[in-house]
Amino acid sequence: MPTMPYLHFRGQCAEALAFYADVFGGTDLQMMRYGEGPDAQADWAGSQRILHGQVSLGDGTLMASDYPPGVEGDPQAGFSVMQTAPDVARGQAVFDRLAEGGAVVNPFGPTFFSPGFGMVRDRFGTAWIISTMPGAGDGPQGH
């Protein structure tokens, strides 16, 4: 059984998933709005909020939705989504994109367990851990 993160947004799900697809080179971006769902409530008609969305990121799937129309919901807290980059340069590039308009929690750099590791909360409130595997080096060749 695979584990798949499911994020909840306060009306920014479509923008966030499109951003993540761009940052990570995601594929198969899919979204359904609340008003498009089977048996949708009448007051959801025309809502731009996302009932369900997903994007393939590497060999995983990131799923998300907005809270239903009229529901504020809680902001994201208490978790991070981790992505492992193939090398330090790619890890730094992804980290920098996620940090645009967000907040750096732990700057990206070498640690005792990774040649590149950082923590960031993006502009949508999602916390990310970006890491490279030991031995990944500075480039695709692992040097």
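Mind checking which residues of region 80-120 are in contact with a Ser or Thr (Cβ under 9 Å, 6 or more places away or on another chain) and touching a residue at least 60 places away in the same chain (Cβ under 8 Å)?
Val81, Leu98
Could you go through region 123-135 and let me know if any residue there is under 23 Å from Pro5 (Cα atoms), modelled with pLDDT under 95 and either out of contact with any strand residue (DSSP E or B) (no Cβ under 7 Å at 6 or more places or on another chain) or not in a strand (DSSP E or B) (or both).
The answer is yes; a qualifying residue exists.
Select from region 1-21 the residues that are free of Cβ contacts under 8 Å to residues at least 24 places away in the same chain and either over 10 Å from the mean Cα position of the chain (by Cα) or not assigned by TED's automatic domain parsing to the domain that holds Thr61 (or both) and list them in ascending order.
The answer is Met1, Thr3.
The values are calculated or read from the model by the stated rules, or taken from the named source; none is laboratory data. Since we're looking at a predicted model, the values are computed, not measured. Cβ atoms come from the backbone with ideal geometry, glycine included; neighbour counts cover every protein chain shown.
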